[in-house]
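*Asks:* Can you read through this structure? Questions will come right after.
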Amino acid sequence: MSETALRGTLKTILQSLTNEGTVHDYERWASDPAAFLALFKVTIEGEDYIRGWTITMEAMPQVLHQMDGTKIRQYHHRMRMYWGLQDSAATEKSAVALAIAAVAALDASVTLHNGQTYYEADPASLETFEPRIFGSTLCHYAEILQITREVAT
């Protein structure tokens, strides 16, 4: 399978979450802060929220097995979550729960972990969870790293 197919698998996993928001299968950029936030604006039960994800591949180291000469690729995908922070609603707890649910869904994926589709993944890691300002909007921001290996063909 290709990196593109793997990226599609990661997107499908994130889209399977409840109230995940918009999932973009690439890093989104906009020079205008309002335009950037509009990429993550969703309506849930009649209310507008900032909620969404991006997926990017940040590295692809390769190793050569000494025994048989097989080349293995390691894909390092980083998933970034954006969730509008609302202190009075204690959104931190819900945002953390969503980030943990994403890690659990990635870890439970048969496609990533069965080794039969050329993939074999490490457990996902929630590496960052903190408040950040995007435009003028304070958000919960999370980064999840998923390292996946495949035999290079």
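Bear in mind that the values in this text are calculations on the coordinates, not laboratory data. Source: prediction; values computed, not measured. Counting neighbours? That spans all protein chains shown, and the Cβs are built from the backbone with ideal geometry, glycine included.
*Asks:* Run down the lysines and flag those whose C-alpha is under 24 Å from the C-alpha of Lys93, throwing out any fewer than 8 positions away in its chain.
*Replies:* Lys11, Lys41
*Asks:* Moving on to the next point. If you average 1/r across every pair of different Cα atoms in the chain and take the reciprocal, what Kirkwood value do you get, in Å?
*Replies:* Evaluated on the chain, it is 16.4 Å.
*Asks:* Something else now. Dipole magnitude of the chain about its Cα centre, charges +1 at Lys/Arg Cβ and -1 at Asp/Glu Cβ only, in debye to the nearest 20?
*Replies:* Approximately 240 debye in magnitude.
*Asks:* Another one. How much mean residue ellipticity at 222 nm does the chain get from its helices, if each DSSP H run of length 4 or more adds -39500 (n - 2.57) and you divide by all residues, to the nearest 500 deg cm²/dmol?
*Replies:* -8000 deg cm²/dmol
*Asks:* Please rank Leu85, Leu112, Leu14, fewest neighbouring Cβ atoms within 10 Å first, as an exposure proxy.
*Replies:* So the residues, fewest neighbours to most, are Leu85, Leu112, Leu14.
*Asks:* Right, here's the next one. Using the Karplus curve 6.51 cos²θ - 1.76 cosθ + 1.60 with θ = phi - 60°, what ³J(HN,Hα) values do you get for each residue of region 92-103, in whole Hz, with x for Gly and Pro?
*Replies:* 4, 5, 5, 5, 4, 4, 5, 4, 5, 5, 5, 4
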